[in-house]
Every structure is written in C-alpha cells, then in structure tokens.
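Just so you know, all these numbers are worked out from the coordinates, no wet-lab data involved. These numbers were taken from a predicted model, which means no experiment stands behind them.
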Amino acid sequence: MKAEPETRFENGTDVKFSIDDLKSRTEPEPWDGIRNYVARNNLRSMKKGELAFFYHSNCKEPGIVGTMEIVQEHSPDLSAHNSKAPYYDPKSKPDDPKWSVVHVRYRSKFVQQIGLQELKAMGKPGSPLENMQMLKQSRLSVSRVSPSEWEYLMGVVKERGGETE
DNA sequence: GCCAACGTTGGC
DNA sequence: GCCAACGTTGGC
C-alpha cells in the first residue's frame with residue numbers, strides 16, 4: 001500500500017503520510033483516497049488480521065519501509081463526498097458510495113528499507129518476485145502480495161537487520 | 001519538469 | 001462498443 005512521505009498538495013491539502021506518521025497514530029487509520037477500481041477491489045479483499053507492506057512513493061527513495069495490520073475490513077470511503085478532501089469525487093454519491101477504505105495499524109519499520117531498484121531486480125523473469133502485482137502494474141496504489149512474495153521479502157528484511165517496533 | 005504507462009471520458 | 005483525446009501516477 002503506497003503513501004507519499006513528502007509534502008504535496010492535492011485540492012489544497014497536504015497529502016504527506018509517512019510510516020512515521022502512521023506510527024504516531026493512536027487510533028486505527030482509515031486508508032482513504034483510493035480512486036482506482038483495481039486498487040479498491042484489492043482493499044475490499046483484505047481480511048482483518050492480515051498484514052500489508054507500507055511503501056513510500058513519489059519521493060526521493062521509493063521502497064517498502066515497514067508493515068501494518070488490517071484492523072477493520074472495508075467500509076465506504078466517505079471522504080469522496082467531501083468537496084474539501086484531497087481526493088474528492090463528485091461522481092460518488094452518498095447513497096451509493098463508489099470507494100472503500102480499510103483501517104490499518106502500524107506494526108513495524110524495517111531497519112533498512114527495500115528500495116524500488118532492488119524490488120525491480122527481484123522481479124526479473126525467473127526471480128522470486130517475477131509475478132508481483134506492484135511490479136507489473138507500477139501505478140497501482142494498493143496491490144496484492146502473495147504468501148510466497150511476503151515470505152521472500154520478509155526473509156530479505158531479516159538478512160538486513162530486521163524490523164523495529 | 002519530463003514522460004511512459006496506464007486509466008477515463010465522451011463523441012460517434 | 002470503439003477509440004482518440006485527455007488526465008493521472010510516479011519514477012527519474
């Protein structure tokens with residue numbers, strides 16, 4: 001799941017959200033603003049208790065920086081109906097919401113992040129991540145991670161100093 | 001700031 | 001339903 005750790009204004013609001021921002025939250029964080037059907041459907045398939053990677057995008061050093069937990073399954077993304085919200089969508093109607101959120105909670109931060117260049121190298125044909133959705137559809141902000149992809153990446157994390165809370 | 005790789009829109 | 005034109009994402 002991608003978020004932008006550097007300041008950028010969208011509809012008058014700073015959309016900056018880093019893993020440290022998530023870490024500082026005391027309440028479950030709604031993952032809102034997803035406005036792509038494939039990404040939304042991925043949100044809708046998430047189950048409570050599942051884990052997700054936190055990816056820093058549109059920044060100096062893009063890559064996977066940590067993990068979080070799905071603490072609440074999907075519900076309507078009401079921010080779509082707020083004309084002042086960063087990702088306002090006038091085509092979503094309150095009585096028939098188009099978009100969804102899940103609620104997440106911080107789990108861990110990697111001692112060393114896994115950079116996009118490394119991910120791409122692991123995604124070459126014949127490599128462990130050759131079928132990873134985020135490498136095939138690089139613009140998707142919420143993408144699927146298979147159990148074997150997760151295991152492989154967490155192995156890489158372990159080799160490089162592991163995770164911190 | 002550029003632009004490749006998408007996704008969306010709307011005329012026909 | 002096709003597809004040209006346009007808009008968006010996100011790496012570089």
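Numbers below:
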read-out	value
Theoretical gain in end-to-end length, A:Ser138 to A:Glu151 [0.36 nm per residue, Cα-Cα removed]	2.6 nm
Listed residues A:Pro147, A:Pro86, A:Pro62, most fluctuating in chain A (Gaussian network, C-alpha, under 10 Å)	A:Pro147
Gain on full stretching of the segment that runs from A:Lys91 to A:Thr7 - 0.36 nm per residue minus C-alpha separation	27.6 nm
Crossing angle, helix A:147-159 versus chain A [Cα axis fit, 0-90 degrees, rounded to tens]	60 degrees
Cα-only radius of gyration and Dmax that characterise the stretch A:2-164, units Å	15.9, 49
Relative contact order computed over chain A (Cα-Cα under 8 Å; 6+ residues apart), in percent	25 percent
